[in-house]
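Accompanying notes for the structure given below.
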Amino acid sequence: KLMDINELISHVTNNFRIKVENIEGRIVEKLEARNSSVYVDEVHFTNVIYNLLDNAVKYRNGAPIIRVKTWNRANGLVIAISDNGIGISKEHVKKIFEKFYRVPTGNVHNVKGFGLGLAYVKKIIEDHGGTITVESEMNAGTKFEIFIPLKNSKEWKKNLKYS
Ligand code: ATP
Ligand code: MG
């Protein structure tokens, strides 16, 4: 389905905001992509955004400040979701997209999870012809950047077996 990604993101953040405000945090949105219509699977793409926000809350360090930005780059759309949470060290950050991987020091005993969220996120983004990267600093925060190409969007729609 051809979706306006800025609108889709706003939907998710609006539903999520109450949860963040209950722990004194906030979500800051800067949805500046002018061209943000892409063929995506609505349910899965919503889950992707939800998963990244969920992690930002789970791995927080005090009150979370979550920044969600979009902008256009080359022939695509960039979505950045960053937090001021516990961060991930260099040795672990390489593995976070693997199924069942959880950072052993990442408050793993207190925070529930299967280590599947990011493996799912990566799979869905790649099925949409996109990429996802992560940058993180211990005790400072983590930033995920998603790139989705706008061109040939109908082409890779064919790969979405679940839509
Ligand atoms: P779930 O399957 O419920 O999502 P999970 O959150 O443990 O479980 P992932 O979302 O795949 O699994 O994340 C993998 C690991 O990466 C987490 O266990 C955590 O250690 C680390 N991680 C993910 N997001 C962040 C973040 N925003 N800040 C710090 N660490 C993170
Ligand atoms: Mg998760």
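The values are calculated or read from the model by the stated rules, or taken from the named source; none is laboratory data. Model, not experiment: these values are computed from the prediction. Note: ideal-geometry Cβ built from the backbone for every residue, glycine included; neighbour counts use all protein chains shown.
Couple of notes before you dig in:
- Scanning segment 24-78 for residues being within 14 Å of ligand 2 (Cβ to nearest atom), part of a helix (DSSP H, G or I) and touching a residue at least 60 places away in the same chain (Cβ under 8 Å) gives a total of 7.
- Residue list for segment 32-69, restricted to those being surrounded by 17 or more Cβ atoms within 10 Å (Cβ to Cβ) and farther than 24 Å from Lys123 by Cα: Arg60, Pro64, Ile65
- From the options Asn72, Asn84, residue that is in contact with a Gly (Cβ under 6 Å, 6 or more places away or on another chain), surrounded by 14 or more Cβ atoms within 10 Å (Cβ to Cβ) and under 23 Å from Thr13 (Cα atoms): Asn84
- Selection count where residues are more than 7 Å from ligand 1 (Cβ to nearest atom) and assigned to a loop (DSSP other than H, G, I, E, B), scope segment 90-108: 9
- For segment 109-142, the set of residues classified as assigned to a loop (DSSP other than H, G, I, E, B), more than 6 Å from ligand 1 (Cβ to nearest atom) and closer than 21 Å to Ser89 by Cβ consists of His109, Asn110, Val111, Met138, Asn139, Ala140, listed by residue number.
- Leu118 vs. criteria in contact (Cβ under 8 Å) with a residue 60 or more places away in the chain, farther than 19 Å from Ser136 by Cβ and not basic (Lys, Arg): no
- Verdict on Val93 being within 11 Å of ligand 2 (Cβ to nearest atom) and over 26 Å from Asn35 (Cα atoms): no
- Scanning segment 96-112 for residues that are surrounded by 14 or more Cβ atoms within 10 Å (Cβ to Cβ) and within 16 Å of the chain's Cα centre (by Cα) yields Ile96, Phe97.
- Among (1) part of a loop (DSSP other than H, G, I, E, B); (2) over 22 Å from Ile66 (Cα atoms) - the single one Gly87 does not satisfy: (2)
- Filter pass, Ser153 being crowded, with 17+ Cβ neighbours inside 10 Å, more than 18 Å from the chain's Cα centre (by Cα) and either at pLDDT below 95 or on the phi > 0 side of the Ramachandran plot (or both): yes
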